[in-house]
Amino acid sequence: MRYHNITKDDMLNGDGLRVVLWVSGCSHCCRECQNPITWDPNGGLLFDGEAKQELFTELAKDYISGITFSGGDPLYFSNRPELLRLAREIKERFPGKTIWMYTGFVWEAIKALAIMEYVDVLVDGEFVAAQKDTQLCWRGSANQRVIDVAATREGGEVALHCE
């Protein structure tokens with residue numbers, strides 16, 4: 001897996017102060033995407049032990065609420081195996097921290113993926129420029145949903161984290 005950046009003390013990509021891992025690779029290529037530089041799966045840097053340690057150092061801080069996986073698309077096909085391992089390890093080492101994920105895939109297409117067992121909040125769907133709205137909670141376009149994954153699994157229907 002490759003990544004472009006690790007953002008620390010982020011308040012824009014989920015509840016509380018977070019660390020954000022911006023992964024490389026995206027097959028959606030949404031018009032007016034905010035991060036087209038991250039589309040190339042071969043771009044950025046190799047996600048290695050040093051990058052992982054940087055994430056863990058940030059997650060160990062009491063005031064950090066959790067991690068957000070963004071990009072690119074964390075669920076770009078070549079990212080999935082390593083991201084699953086990383087999410088599992090984060091939940092084991094930092095059980096009180098939340099995992100948010102932004103993806104262009106919709107919940108209905110990815111709900112069976114093993115990584116969804118570790119994701120607390122999922123922002124799903126491609127960014128649609130014609131539905132852009134800067135007033136929305138944690139998302140860029142009205143078609144996207146901010147999904148409470150645990151509540152959705154329990155109830156069987158999509159439970160929104162916020163409107």
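P(r) for the chain, from all Cα pairs and a bin width of 5 Å, is 2, 9, 19, 23, 23, 16, 7, 1, 0 %, short bins first.
The chymotrypsin sites (Phe, Trp or Tyr not before Pro) found in segment 26-80 that occupy coil by DSSP, while having at most 16 further C-beta atoms within 10 Å, are TYR63.
Could you grab the relative contact order for the chain? Cα pairs under 8 Å, six or more apart, rounded to a whole percent. Please report the intermediate quantities before stating the final value.
Details: 341 pairs, mean separation 30.7, N = 163.
Value for the chain: 19 percent.
With R₀ fixed at 30 Å, the C-beta to C-beta distance from GLU89 to CYS162 puts the FRET efficiency at about 0.60.
Could you calculate the FRET efficiency of LEU12 with ALA112 from 1/(1 + (r/R0)^6), where r is the beta carbon distance between them and R0 is 30 Å, rounded to 0.05? With a Förster radius of 30 Å, E is 0.50. For segment 2-155, lysine pairs with C-alpha atoms less than 18 angstrom apart, excluding pairs fewer than eight positions apart on the same chain, total 8.
No value in this document is a laboratory result; all are computed from the given coordinates. Just so we're clear, the structure is a prediction, and the values are computed from it rather than from any experiment. Note that we place each Cβ from the backbone using ideal geometry, even for glycine, and neighbour counts take in every protein chain shown.
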